Amino acid sequence: DHLTVAALALLATLAAPPEALADPDRFNKANLRFNQWFLQNVFEPMGRGWNFVVPKWGQRRVGDFMGNLESPRDILNSVLQAKFRRAGLHTGRFVVNTLFGVVGLYDLARRGIGWTPPPETLSETFGVWGIPCGNYLIVPVVGEFCTRSLVGWVGDGFTNPLTYIPGPAPFTENVGVY
């Protein structure tokens, strides 16, 4: 859940020394050091375990499924950017992969038909609308963003269908920005 990740990032930020918060460069350097440690000691061992336990075929199914869940984001942002043909292509991909690709476990639209439109994000939509990037930030665990991209990333989380499944927060593709 994006709100959980945002809350954890906020807590990690608040744990930073006060002088680092007052100086964006020190803030970013402190978070970069933490993120490098976290990547080496948490994400990389998890990734190696994932690669050991899950065969490549299973990894592709998970990747295709999670990619299919990005379709609502791509459709919405294509419309908001007035890219109506691209919105139609994203909609077609979503329909084909959901109906014929076993709820998105197989990306038939890309492999079978050759439909490969580029992703569309809220950050890009803000850029099309003329909103500047803003400050560069390194956020604990989540990664590097400009202010516009961070706001867009959180907004994109609300277009992921997993966000609306009741119960424990699901692990979405946006959690691991690395």
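The values are calculated or read from the model by the stated rules, or taken from the named source; none is laboratory data. All figures in this text were calculated on a predicted structure; none of them were measured in a lab. Every residue, glycine among them, receives a Cβ derived from its backbone with ideal geometry; neighbour counts consider all protein chains shown. Protein only, heavy atoms only, side chains kept; ligands, DNA and RNA dropped before computing areas. Shrake-Rupley method; radii C 1.70, N 1.55, O 1.52, S 1.80 Å.
Things to note:
- The share of accessible area on segment 48-171 that comes from carbon and sulfur is 71 percent, using a 1.4 angstrom probe.
- Residue-span extension gain [Arg85 to Thr147] - 0.36 nm each, minus C-alpha spacing: 19.4 nm
- Hz values of 3J(HN,Hα) by residue in segment 139-149 - Karplus curve (6.51, -1.76, 1.60), Gly and Pro given as x: 9, x, 6, 6, x, 9, 8, 8, 4, 4, 5
- Ordering of 71-84, 42-55, 117-130 by packing [mean C-beta count within 10 Å, highest first]: 71-84, 117-130, 42-55
- Global form of segment 8-158, assessed from the alpha-carbon gyration tensor, a/c cut-off 1.5: oblate
- Trp115-Lys56 pseudo-label distance in nm [points 7 Å out on the Cα-to-Cβ vector]: 2.7 nm
- Note on segment 46-115: dipole from Cβ charges, positive end direction compared against Thr91, Phe52, Gly67; the farthest Cα belongs to Phe52.
- Taking Cys146, Cys133 and ordering them by how much accessible surface each has at a 1.4 Å probe, largest first, produces Cys133, Cys146.
- Å² of accessible area per residue within segment 27-124, as computed with a 1.4 Å probe and no ligands counted: 60 Å²
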